[in-house]
Amino acid sequence: KMSSVSQGSVASTTPHPAYDSQQILNEYLVFHYGKQHEMMPFGLGPADALEFPLRCAQRCLAVAAAHNTTPARVFDIGCSVGRSTFEFAKNESTREVVGLDYSATFVEACNTLLASGTLKYSLREEGSLRTEGVASVDGDFDRKKLRFIQGNACDLPSELGEFDVVLMANLIDRLYNPLDCLNNIHKFVAPGGFLVITSPYTWLEDFTPKENWLPTETKDTLERLKEVLGPKFEFVDIVELPFFMRETRRKFQFSVAQSTAWRRRQ
């Protein structure tokens, strides 16, 4: 996840409270489901950076397909407002998809979209001026194979079992202690299954105490991921994934996430 705001320091091992604010909910609904004219109202900007959650899901399925793997179970950790999770559910060969997020507000939004297919959001234009948009989940797919749960990526419930594909999109640099997640993630990836991590590596003390950052003064995040995941995972490949977030009609974020794919050792 990326946030456009910083609301104080993290005081405990729980994720940042900003993700339960209405402002952030609106920004993420636009990020996941916004139409191009809403995201880029002047027709200017990097169009290839739109629909990031869709491209994350496509990336995971492409990695599995390249290794002749059909993902029957998929786990979207840090699913936010659910676009990637829904895209996984549209894959006919996938029989179960679980989306998990710490934010109760995000999970409630996901469940509303699951039940009704639509959810209104508010677009900030300037000052107090706002316009209304609608997030919608398109496509004919079996919604019964999909569920959303609230949970902590650093303390995942073991009863979830193993998955063929696990996605962690823009999550690791927003965890209080990412090693708590990474050191245990192999328990949720089936042997021969795939883990895909995307992140712009924007390490901030507002979310992660500096002593818990993965990069050091001599090693970047990718090097550290290889160290931490190497014993349980085989490194597969890297893809650079740009993404674009709207804050107001005239203010935006442009970032490039590095997407690394890993295969669970047999």
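The values are calculated or read from the model by the stated rules, or taken from the named source; none is laboratory data. What you see is a predicted model; the values in this text were computed from it and never measured. Cβ: placed from backbone, ideal geometry, glycine included. Neighbour counts: every protein chain shown. Remember, those area values only see protein heavy atoms, side chains included, never the ligands or the DNA or RNA. Shrake-Rupley method; radii C 1.70, N 1.55, O 1.52, S 1.80 Å.
Candidates in the stretch 248-266 are the residues that are open to solvent by 20 Å² or more (accessible area, probe 1.4 Å) and over 24 Å from R124 (Cα atoms); of these, the one that is modelled with the lowest pLDDT is Q266. Among the numbered criteria (1) within 17 Å of the chain's Cα centre (by Cα); (2) of a type outside the set (D, E, K, R); (3) open to solvent by 30 Å² or more (accessible area, probe 1.4 Å), which one does M245 miss? Condition not satisfied by M245: (3). Among (1) touching a helix residue (DSSP H, G or I) at 6+ places or on another chain (Cβ under 7 Å); (2) without any contact (Cβ under 8 Å) to a residue 60 or more places away in the chain, where does L119 come up short? It is condition (2) that L119 fails. Among the residues of the stretch 161-171 satisfying the criterion of being of a type in the set (A, V, I, L, M, F, W, C) and within 14 Å of S80 (Cβ to Cβ), which is nearest to the chain's Cα centre (by Cα)? So the residue we want is A169. Tell me, please, whether a residue that is surrounded by fewer than 24 Cβ atoms within 10 Å (Cβ to Cβ) and either free of Cβ contacts under 8 Å to residues at least 60 places away in the same chain or under 11 Å from the mean Cα position of the chain (by Cα) (or both) can be found in the stretch 66-75. Yes, because at least one residue in the stretch 66-75 is surrounded by fewer than 24 Cβ atoms within 10 Å (Cβ to Cβ) and either free of Cβ contacts under 8 Å to residues at least 60 places away in the same chain or under 11 Å from the mean Cα position of the chain (by Cα) (or both). Residue count for the stretch 88-99 satisfying the condition of being surrounded by 24 or more Cβ atoms within 10 Å (Cβ to Cβ) and farther than 12 Å from V165 by Cβ: 2. Looking only at the stretch 162-185, residues that are over 19 Å from N91 (Cβ atoms) and either open to solvent by 30 Å² or more (accessible area, probe 1.4 Å) or among the aliphatic types (A, V, I, L, M) (or both) come to 11 in all. Please enumerate the residues belonging to the stretch 187-215 that are in contact with a Lys or Arg (Cβ under 7 Å, 6 or more places away or on another chain) and either free of Cβ contacts under 8 Å to residues at least 60 places away in the same chain or surrounded by fewer than 20 Cβ atoms within 10 Å (Cβ to Cβ) (or both). Matches in the stretch 187-215: A190, P191, G192, L214, P215.
Taking the stretch 1-92 as the region of interest, the helices (runs of 4 or more DSSP H) fully inside it that hold 1 or more residues being modelled with pLDDT under 95 are 22-33.
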